[in-house]
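Below is one structure, written out as structure tokens, with a few remarks after it.
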Amino acid sequence: MSEVALLQSIGLVVVGLGILILLFIKAKFLRVVGFVIIVLGTFSLIALGVPQMASLPPAIETFDITKVKTPDDLAAIGQKIFFSKGQCALCHSIGPSEAARCPDLKGIGAKLAPEFIYESLTEPQSYIYLDFRHHGLPKEYPARMPYIGKNPIALSNQEIYSVIAFLQKMSGEPISIKVEDVLGGGSKDGDMKVAAIGAHGASQPGE
């Protein structure tokens, strides 16, 4: 007997007990108790009758290097990471939204250099964007951008580059991230080079 079936059997016994109390017990207090037992047992049976589905964690997206041939392949992987492992869509919107807890990313790939986006993702506290959606002085967004290259999100450099490729494509920009650079993007030298470019070349986001 499954656990649900066992609980349903117990619920039926409880409801039956309540009915017996109402039929054969005259004491007012006990009759009230019997009525309460019937109500609780009935609600329990209804709840247990709802189909139960196992709650499973989301599937982990893996970066399959062998399938990456073009910048569009990178963008496709970046889109999956954006909406799953990267958890970007939990706070960011793509298009104006009053409910967004972080800046709107529509067109961001056309507004900002990829080096600047890289630095914003890996060192998010270097530049703080304010919320201008409200009247009066701009405010800080309610959510604080995490360091996505560190736990608990811990995106690899290759995954970060593919997210940037997705942001560029989503903004209608040519994808400037090169596949050969991404495939070799796991080395420490590569990390330092990109970060250095971001520190100097991305200080003017409007360019």
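When Val36, Val182 are ordered from fewest to most other Cβ atoms inside 10 Å of their Cβ, what list results? Numbers along the way, then the final one.
Working: Val36 12, Val182 25.
Ascending number of Cβ neighbours within 10 Å: Val36, Val182.
Computed packing ranks the peptides 145-156, 105-116 as 105-116, 145-156, most packed first, by mean other Cβ atoms within 10 Å.
Using C-alpha positions alone, give me the convex hull volume of segment 3-49 per residue in cubic angstrom.
Working: hull volume 2.2 nm³, N = 47.
Taking the convex hull of the Cα positions in segment 3-49, it is 47 Å³ per residue.
Express in nm, to one decimal, how much length is gained between Lys150 and Ile25 on full extension, taking 0.36 nm for each residue of separation and deducting their alpha carbon distance.
Stretched out fully, the Lys150 to Ile25 stretch lengthens by 38.4 nm.
Using +1 at the Cβ of each Lys and Arg and -1 at the Cβ of each Asp and Glu in segment 67-160, identify which of Tyr129, Pro103, Ser93 lies farthest towards the dipole's positive end. Of Tyr129, Pro103, Ser93, it is Ser93.
We did not get these values from a lab; they are worked out from the coordinates using the rules stated. The structure displayed is predicted, hence computed values, not measured ones. FYI the Cβ positions are ideal-geometry reconstructions off the backbone, even for glycines, and counts take in every protein chain you see.
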